[in-house]
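Data block below; observations after.
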Amino acid sequence: GEDVEQSLFLSVREGDSSVINCTYTDSSSTYLYWYKQEPGAGLQLLTYIFSNMDMKQDQRLTVLLNKKDKHLSLRIADTQTGDSAIYFCAEGGNTPLVFGKGTRLSVIA
Amino acid sequence: NAGVTQTPKFRVLKTGQSMTLLCAQDMNHEYMYWYRQDPGMGLRLIHYSVGEGTTAKGEVPDGYNVSRLKKQNFLLGLESAAPSQTSVYFCASSYWRTNQPQHFGDGTRLSIL
C-alpha cells in the first residue's frame, strides 16, 4: 500500500531556515499536503501542491516537489518560535489521504 | 464558521464500557473520517464515509463502529472499550473526492483504565 516517510525530529535556531523532507510511494498522487499540529490541537492545513507543479511559494513557506524521486519538501524561511510544532506530509491519490508520522520541529531561541 | 466540532473533548472510561464520539461539520462536506493518533504512530485511519448512509473501513477498524445517518454528523462508537484504545481521536471532513484537503477537529482525548 501507499506509504509516506518523514524524519521524526528537526531542531533549528530562530531566524534560520527549516527544511522538512518527505518521501511518498503512490505515483498516482494528485495533491500533496503539509499540515501543522500545535500542542493540544488538531491538524491545520498549511499548504499544498498539485502534482504537475515543481514549486509553490506562500509567504515564508516554499514547497518543492520532485515527482521523479517522489520527494516533497517544506522550507520555512526565518523560522520563529511560533513555528514549533509537528508537521505532517500527506499524499492524495485515489484513496483517502495517507499521512506520514510527522516531523517535530523545535525552534531554539 | 465552526468547521469541524468534536464532542466530548476529554473522557475517561473503564474497560468494558461503551461510548460514542460525535463529530459535526458545517461545511457541507461529503466525506468524513475518523483517525486515532498515538505517539510514534502518526495518524491512522479508523473508518471513513463518502456520503450520508455510507461507511468504509480504514487501516485500524477493529473494535470500532461508525454511523453516518446525517450528512453533517459522523459518529464513532466503542462497544466495549479496551486500554489499547486509549488515544487521541480526530475527526476530519473533505469535499467530494478522497484526495481533497481534509479539515480537522481539535480532537477527543480518551483514556481507558
Semi-axes (Å, rounded, descending) of the ellipsoid equivalent to the protein assembly as shown per its C-alpha gyration tensor are 30, 20, 15
Using +1 on the beta carbon of Lys and Arg, -1 on that of Asp and Glu, and nothing else charged, what's the dipole of the protein assembly as shown about the Cα centre, debye to 20?
-> 360 debye
Taking chain B as a Gaussian network, where each spring joins two C-alpha atoms under 10 Å apart, which residue of B:LYS71, B:LYS57, B:LYS14 fluctuates the most?
-> B:LYS14
Going toward the positive end of the dipole of segment A:33-109, with +1 on Lys and Arg Cβ and -1 on Asp and Glu Cβ, which of A:MET55, A:ALA85, A:GLY42 do you reach last?
-> A:MET55
Please give the FRET efficiency for A:LYS56 paired with B:THR5, using the beta carbon to beta carbon distance and R0 = 25 Å, rounded to the nearest 0.05.
-> 0.25
Gaussian network model of chain B, springs between alpha carbon atoms under 10 Å - residue of B:SER18, B:SER87, B:SER49 with greatest fluctuation | B:SER18
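Using only C-alpha positions, report the orientation-averaged shadow area of the convex hull of segment A:23-109, nm², one decimal.
Result: a mean projected hull area of 5.8 nm².
Every number here is computed from the coordinates shown, using simple stated rules; none is lab data. The shown structure was predicted, so the numbers you read here are calculated from the model rather than taken from an experiment. Using ideal geometry, Cβ is built from the backbone for each residue, glycine included, and neighbour counts are taken over all protein chains shown.
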